[in-house]
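The values are calculated or read from the model by the stated rules, or taken from the named source; none is laboratory data. Small disclaimer: the values here were computed from a predicted structure and weren't measured. Ideal geometry is used to build each Cβ from the backbone, glycine not excepted, and the neighbour counts take in all protein chains shown. SASA here: full protein model, heavy atoms, side chains in, ligands and nucleic acids out. Shrake-Rupley method; radii C 1.70, N 1.55, O 1.52, S 1.80 Å.
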Amino acid sequence: MSGNKKKLFIIIDGSFYLYRAYYTFPLLVNSLGKPTGAIYGVINMLSSLMIKYAPTNIAVVFDAPGKTFRHLLFNNYKFKRPAMPENLRIQILPLYELIIAMGFPLFVISGVEADDVIGTLALQATKNSIPVLISTGDKDMAQLVTSDIKLINTMTNVILGPKEVINKYGVPPHLIIDLFALMGDYSDNIPGVPGIGKKTAISLLQNIGNLMTIYKDLSVINLLKIRNSNILIKKMSEYKEIAFLSYKLATIKTNVKLNKDYHNLVLKECDFEKIYQLCNYYGFIRWLNRLTCNCWLIKK
């Protein structure tokens, strides 16, 4: 890569890609009847991202199987999530093989979530003045946004910086954790304070401050034009411990121990023999022909 090329580190939320691809191509199979939609969709999204942005540094991050440290804090964390469909599960290892064969650095770290690895890598880069673009559709990631860390949803091509986060969620990035601590998050089974919805949570955060500030003096809530404020104060007091637990659950960890840092996360030389083998088996022949012409691949 050219030394004069403008630095950009793209971090890909592989788990978000995985589910989006699976439900976009649920019926895609190869000649043997093996499901291929998740593999096909993820590789297409990776390819499109590389062509459009040509980053100097890149990483693809997936959730590891099993529980994380958040389950130790709250046993019912994510318990409402349905089990991964078997047709998706069997595509994961071949997808990893193909991603590695294409030269992408891949992270799957046990005990934490992909979000935590992404947050750690993003902060590493920005501390060294490298701008970061996180490709995801996960709302939790909004807490990471700064002037140097932005989000992009490749399905909509919408980029979220600090102003866009405020427009979308009603609070700035540094209050996103507090927002989920108050109203909870159904998808992750983060409890929050019962009875507090998004509108009330935003009002508290906009008019009083963060969770810690709100709990310094709950009586301040009476000064706001919130219906049944006395009942709200009682609920807040009763569920204080749950609110702060929810805050911990919603907080992305940014100090995960990794065996690589962003300096090493560059596209490697691809393994065309492996790529051909996998693409031929899964029936991606047309896609393989396009892939071999892609200028972003590092070839032997």
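What the table shows:
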{"quantity": "Kirkwood estimate for the stretch 130-214, i.e. one over the average of 1/r between Cα atoms, Å", "calculated": "13.3"}
{"quantity": "Pair-distance profile P(r), taking every C-alpha pair of the stretch 142-300, with 10 angstrom steps and integer %", "calculated": "9, 27, 23, 17, 13, 9, 4"}
{"quantity": "Helix-only [θ]222 nm of the chain, DSSP H runs n ≥ 4, -39500 (n - 2.57) each, per residue, nearest 500", "calculated": "-13000 deg cm²/dmol"}
{"quantity": "Charge dipole of the stretch 176-300 about the Cα centre (unit charges at C-beta), most positive-ward option of 218, 288, 242", "calculated": "288"}
{"quantity": "Fraction of accessible area attributable to carbon and sulfur, the stretch 172-300 (%, probe 1.4 Å)", "calculated": "51"}
{"quantity": "Principal axis box of the stretch 1-147, alpha-carbon based, largest edge first, Å", "calculated": "47, 43, 22"}
{"quantity": "Residues of the chain: accessible area per residue with a 1.4 Å probe, Å²", "calculated": "51"}
{"quantity": "Nearest-20 debye value, the chain charge dipole, Cβ charges on Lys, Arg, Asp, Glu", "calculated": "420"}
{"quantity": "Alpha-carbon Rg with Dmax, taken over the stretch 66-117, Å", "calculated": "13.7, 38"}
{"quantity": "C-alpha center-to-center spacing [the stretch 108-158, the stretch 29-105] in angstrom", "calculated": "16"}
{"quantity": "Protein accessible area in the stretch 1-94, 1.4 Å probe - carbon and sulfur %", "calculated": "59"}
{"quantity": "Relative contact order (%) - the chain, alpha-carbon pairs under 8 angstrom, separation at least six", "calculated": "22"}
{"quantity": "Among 90, 118, 99, residue whose mean-square fluctuation peaks in a GNM of the chain (springs only between Cα atoms under 10 Å)", "calculated": "90"}
{"quantity": "Share, in percent, of DSSP beta bridges within the chain that are antiparallel, nearest 5", "calculated": "20"}
{"quantity": "P(r), alpha carbons of the chain - 20 Å bins starting at zero, rounded %", "calculated": "31, 52, 16, 1"}
